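The values are calculated or read from the model by the stated rules, or taken from the named source; none is laboratory data. Because the structure is a prediction, the values reported are computed rather than measured. Glycine also receives a Cβ, built like all others from the backbone with ideal geometry; neighbour counts cover every protein chain displayed. Surface accessibility is based on the protein's heavy atoms, side chains included, excluding ligands, DNA and RNA. Shrake-Rupley method; radii C 1.70, N 1.55, O 1.52, S 1.80 Å.
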Amino acid sequence: MKDMGQMLLGREPFSEIVMGNTALVRAMIESATRVVTSYPGSPTPEIAAAIRSIPLEERPFYCEFSTNEKVATEVAFGASLNGHLSTVFFKSVGLNVAADAFVQLSLMHCIGGLVIVLGDDPGANSSQNEQDNRHFAAMSYTPVLEPASPGEVYQYYREAALLSRQMARPIILRLTTHVCHAKEKVRFAGWQPEPIDPTPRFDTANGPYIPLVAAVYPRKREALQGLVAVEQWVEERGLHQLSDHGSPYGIIVSGMVALSVADVLDGLAQRPDVLKLAMPYPLPRSVVAAFIEHHREVKVLEELDDTLEKDIKAMAYDRQFTTRIIGKEDVEDWVGEYTPDKVRALLHRTWPELIPAPPSTSPPPVKVPARPAQMCPGCGHRSAFHAIRQALAATPNITVADIGCHTLGFQEPYRMGEVLLCMGASTAIGSGLSLMNTSRKVVAFLGDSTFFHAGIPGIINALHNNHKLVLVVMENGTTAMTGHQDHAASGQNFNGTADAIPIRRVLEGLGVQHIFETDTYRQQHLIELMQQALDTDHFAVVIARHPCMLLFTRHQRRKDGYKARHVRIDQQQCNRAHICVEAFACPSFSRAADGTVTVNRELCIGDGSCIQTCPAKAIGRP
């Protein structure tokens, strides 16, 4: 098996099949990036995994998982002010957290260069919405480069780094889920390590770095003027691509949509011309204008919102073009990914004589059952929800979810978490639900990584304003949902061991008086602690702790002498109550048509958390 870390450090030019996130790391290395920061979130975690594959002593840059996206952005910005090329990466909704710092960046001289890598998520594959972060780019006057493939990820990052350093301004590299995860054979250039200059280059003469009052207007003017310079720079670098077939019809695209268009047009005798924009913001006006002028009709194809369409139509109106410009025509055009099938349908609707209709499909002969996401076998959250549901059984209640693996508690059979907004919001939402509420107890859930990310302000607010609710901190020791990254309480950081910051100590420091904690596998104990917390007429916290069993089992399997363990069911003892299947709901159990319950040995990890749930005591230890 190839060593990814050594591959990424290769000195000579080479070719390798890599995913977009891996190609990005090689581009960072070749561009002499010096500081990389992040908060984990899909579709970007594999960037960190690739970086981590490089031995720490050979890693040519500093890297960290910051407390949240805002902090990560601020750390990268600070490093850039010292003259270091810096990169921050996170998922689409992470920009909401970073926004307070991010919107100021284009007013600053980032002398070392600063690349913001965004993992946007058309289709909401792993996000709570489909937000289009090109709006943030326009609001903050930040240029956007948008690759369509792993090869372009590599190329465009190098271009973004070069552009950012030359113009001392931030550049967004906008990836989308399938660009991050697609694989392609990429040709990489050679690389020779350069010594890191430890001399800080921060100088207020490069500022001003206090954007207040009179200082704002000159910086805003400079940011706007810089957009024109960026537009010219990208055009001169030849990054936009034109496929000219001499057609009176044209298509304007950017990013991954270009590949769907290529799939649809492949093999057609008459093809529309295609202009693929490397930079959707600022709009490359001269390139787009020249394309529009030479076509009778132009279709703008873009995932999510109509940002390109609006800019193109406004420019065409101002220049009095007579070309018909066709954008989004139906609500569904704003929704979901632009797969080849969807693009074919859109183009056929626009030009039915030119683009063949999508082939008709018949329903599958067998109805495929839904496969909802679920917690892993042995997950401590399952034990927690099973116990907490029993504790709340006789108490009218409202439960508030947060972001994390434990979000899945909203599903049957647990029904824990009836409202969800964003990371860290559960305590404050629960506080609002507790006001003028004398009949229903409010219970909020919060993960341990999210506790440090955005959870603490809501806790302080609950204490300061004496809100009466119970907060359950679901502590599994890692940022599990995005791939087991470290956080402040895990005792690890990106560069090795670190002093853990215990959550209980933080709560005590904040002044929380009512703190209960237990391992979630001690289900009866957790029921009792929840009942005590519910009886407290103050803000109370229950720390429900158990290590992530997926991570734990992986570590165990690497040890010599590891043997798989499984629970067993005594069929003579089993009374078919089906608590294990219907209430505890571990996916390791299977129920046959006759009611017999068996254990799937491929799934069961032998943790034994299910044993206590069986009223007939039919589940035996490994």
Contact list please: Cβ distance under 7 Å, first residue in region 194-214 and within 18 Å of ARG34 (Cβ to Cβ), second residue of a type in the set (Val, Ile, Thr) and surrounded by 15 or more Cβ atoms within 10 Å (Cβ to Cβ), pairs at least six apart or on different chains.
ARG201/ILE111; ASN206/ILE111
Across region 430-449, which residue is nearest to GLU475 (Cα to Cα) among those that are part of a loop (DSSP other than H, G, I, E, B) and touching a residue at least 40 places away in the same chain (Cβ under 8 Å)?
ARG440
Do we have any residue at all in region 540-561 that's over 30 Å from PHE451 (Cα atoms), among the acidic types (Asp, Glu) and surrounded by fewer than 19 Cβ atoms within 10 Å (Cβ to Cβ)?
yes
Between a first residue in region 369-384 that is closer than 13 Å to ASN476 by Cα and a second residue that is small (Gly, Ala, Ser), which pairs have beta carbons less than 6 Å apart while being 6 or more apart in sequence or on different chains?
SER383/SER609; ALA384/ALA544
Of (1) assigned to a helix (DSSP H, G or I); (2) crowded, with 23+ Cβ neighbours inside 10 Å; (3) free of Cβ contacts under 8 Å to residues at least 60 places away in the same chain, VAL287 fails just (2)
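Run down PRO208, PRO193 and say which single residue is under 17 Å from SER106 (Cα atoms) and either in a loop (DSSP other than H, G, I, E, B) or not acidic (Asp, Glu) (or both). So that I can check it myself, show each step before the final result.
Details: PRO193 fails: under 17 Å from SER106 (Cα atoms).
Testing whether each residue is under 17 Å from SER106 (Cα atoms) and either in a loop (DSSP other than H, G, I, E, B) or not acidic (Asp, Glu) (or both) leaves just PRO208.
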Yes or no: ARG415 free of Cβ contacts under 8 Å to residues at least 12 places away in the same chain and open to solvent by 10 Å² or more (accessible area, probe 1.4 Å)?
no
Mind checking which residues of region 589-616 are over 25 Å from ARG557 (Cα atoms), outside any loop (DSSP other than H, G, I, E, B) and polar (S, T, N, Q)?
GLN612, THR613
Being of a type in the set (A, V, I, L, M, F, W, C) and more than 37 Å from the chain's Cα centre (by Cα): is that true of ALA593 here?
yes
Just to be sure before I move on: is ARG565 over 26 Å from GLN485 (Cα atoms), among the basic types (Lys, Arg) and touching a Pro at 6+ places or on another chain (Cβ under 6 Å) in the structure I sent?
yes
Are there any pairs, at least 6 apart or on different chains, whose C-beta atoms fall under 6 Å, with the first in region 340-359 and open to solvent by less than 60 Å² (accessible area, probe 1.4 Å) and the second small (Gly, Ala, Ser), and if so, which?
PRO340/SER260; VAL343/SER260; HIS348/ALA357; PRO358/ALA345
Can you run down the residue pairs with Cβ atoms below 6 Å, 6 or more apart or on separate chains, where the first is in region 500-520 and touching a residue at least 60 places away in the same chain (Cβ under 8 Å) and the partner is open to solvent by less than 50 Å² (accessible area, probe 1.4 Å)?
ASP519/HIS546; THR520/GLY380; THR520/SER383; THR520/ALA384; THR520/ALA544; THR520/HIS546
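Checking the condition at pLDDT 95 or above and farther than 19 Å from THR520 by Cα, which residue from GLY455, GLY417 passes? Don't jump to the end; show me each part of the working.
On the way: GLY417 fails: farther than 19 Å from THR520 by Cα.
Result: GLY455 is the single residue among GLY455, GLY417 that is at pLDDT 95 or above and farther than 19 Å from THR520 by Cα.
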Quick check on my filter: what residues within region 131-175 are among the polar types (S, T, N, Q), open to solvent by 10 Å² or more (accessible area, probe 1.4 Å) and not in a helix (DSSP H, G or I)?
GLN131, SER149
Going through region 375-402 in order, the residues found to be open to solvent by 30 Å² or more (accessible area, probe 1.4 Å) and more than 22 Å from THR613 (Cα to Cα) are PRO396, ASN397
Hey, LEU118 crowded, with 24+ Cβ neighbours inside 10 Å, within 17 Å of the chain's Cα centre (by Cα) and touching a residue at least 12 places away in the same chain (Cβ under 8 Å) or not:
yes
Restricting to region 246-282, and then to whatever is without any contact (Cβ under 8 Å) to a residue 40 or more places away in the chain and closer than 17 Å to THR323 by Cβ, can you tell me which residue is most open to solvent (accessible area, probe 1.4 Å)?
GLY246
Name every residue in region 305-333 that is in contact (Cβ under 8 Å) with a residue 40 or more places away in the chain and in contact with a Ser or Thr (Cβ under 9 Å, 6 or more places away or on another chain), in order of residue number.
LEU308
THR395 vs. criteria modelled with pLDDT under 95 and touching a helix residue (DSSP H, G or I) at 6+ places or on another chain (Cβ under 7 Å):
yes
Name the residue that is nearest to THR598 (Cα to Cα), counting only residues in region 562-571 that are among the charged types (D, E, K, R) and either touching a residue at least 40 places away in the same chain (Cβ under 8 Å) or surrounded by 11 or more Cβ atoms within 10 Å (Cβ to Cβ) (or both).
ARG568
Limited to region 407-429, what total is found for residues that are part of a helix (DSSP H, G or I) and not hydroxyl-bearing (Ser, Thr, Tyr)?
5
